[in-house]
Amino acid sequence: MAEDDFVTRYSLLLFVVLGALGVAGLAVAHGKIEGPNFNGLVHLSAMLVLLSGVALMWRAENKG
């Protein structure tokens, strides 16, 4: 059952995608790279980085 749901099956891919988006957003928010900057980008990017870690913890708990 644990391997049947989307989040558990693709948790490593979610880790990479969410982590990359979060790090890129943080770089844009701090002016390291060019991109659309808006209020709340830091908070949104930090949440994406944290969700990437949750994807790995989810995999460890529900590996089956």
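Report the extension gain between residue 7 and residue 56 in nm, rounded to one decimal, defined as 0.36 nm multiplied by the number of residues separating them, less their alpha carbon distance.
Numbers: separation 49, 0.36 × 49 = 17.64 nm, distance 0.99 nm.
Length difference between fully extended and current span is 16.6 nm.
Using only the alpha-carbon atoms, how far is helix 41-61 inclined from the longest principal axis of the chain? Give it as 0 to 90 degrees, nearest 10.
It is inclined by approximately 20 degrees.
Measure nothing but the geometry: give the 0 to 90° angle between the long axis through the Cα atoms of 11-29 and the longest principal axis through the Cα atoms of the chain, rounded to 10°.
10
Taking 2.2 N^0.38 Å as the expected size of a compact globular protein, what ratio does the Cα radius of gyration of the chain give against it, to two decimals? Please report the intermediate quantities before stating the final value.
On the way: Rg = 13.9 Å, N = 64, 2.2 N^0.38 = 10.7 Å.
Taking the Cα Rg and dividing by 2.2 N^0.38 Å, one obtains 1.30.
Counting only heavy atoms of protein chains, what accessible area per residue, in Å², does the chain have with a probe of 1.4 Å? If you can, show how the numbers build up before the last one.
On the way: 4680 Å² over 64 residues.
Per-residue accessible area for the chain comes out at 73 Å².
Just from its helices, what would the mean residue ellipticity at 222 nm be for the chain, if runs of 4 or more DSSP H residues each count -39500 (n - 2.57) and the sum is divided by every residue, rounded to the nearest 500 deg cm²/dmol?
Working: 3 runs with 44 residues, N = 64.
Computed mean residue ellipticity for the chain: -22500 deg cm²/dmol.
Can you pull out the chymotrypsin sites (Phe, Trp or Tyr not before Pro) in the chain whose DSSP state is coil and whose Cβ has at most 16 other Cβ atoms within 10 Å? It would help to have the intermediate numbers written out before the result.
On the way: sites: 6, 10, 15, 38, 58; in loops: 10, 38.
Sparse-neighbourhood loop chymotrypsin sites (Phe, Trp or Tyr not before Pro): 10, 38.
The values are calculated or read from the model by the stated rules, or taken from the named source; none is laboratory data. This structure is a prediction, so every number in the text was calculated from the model and none was measured. Neighbour counts run over all protein chains shown; Cβ positions are idealised from the backbone, glycine included. The protein model used for the area step is the full one, side chains on, heavy atoms only, and it has no ligands, DNA or RNA in it. Shrake-Rupley method; radii C 1.70, N 1.55, O 1.52, S 1.80 Å.
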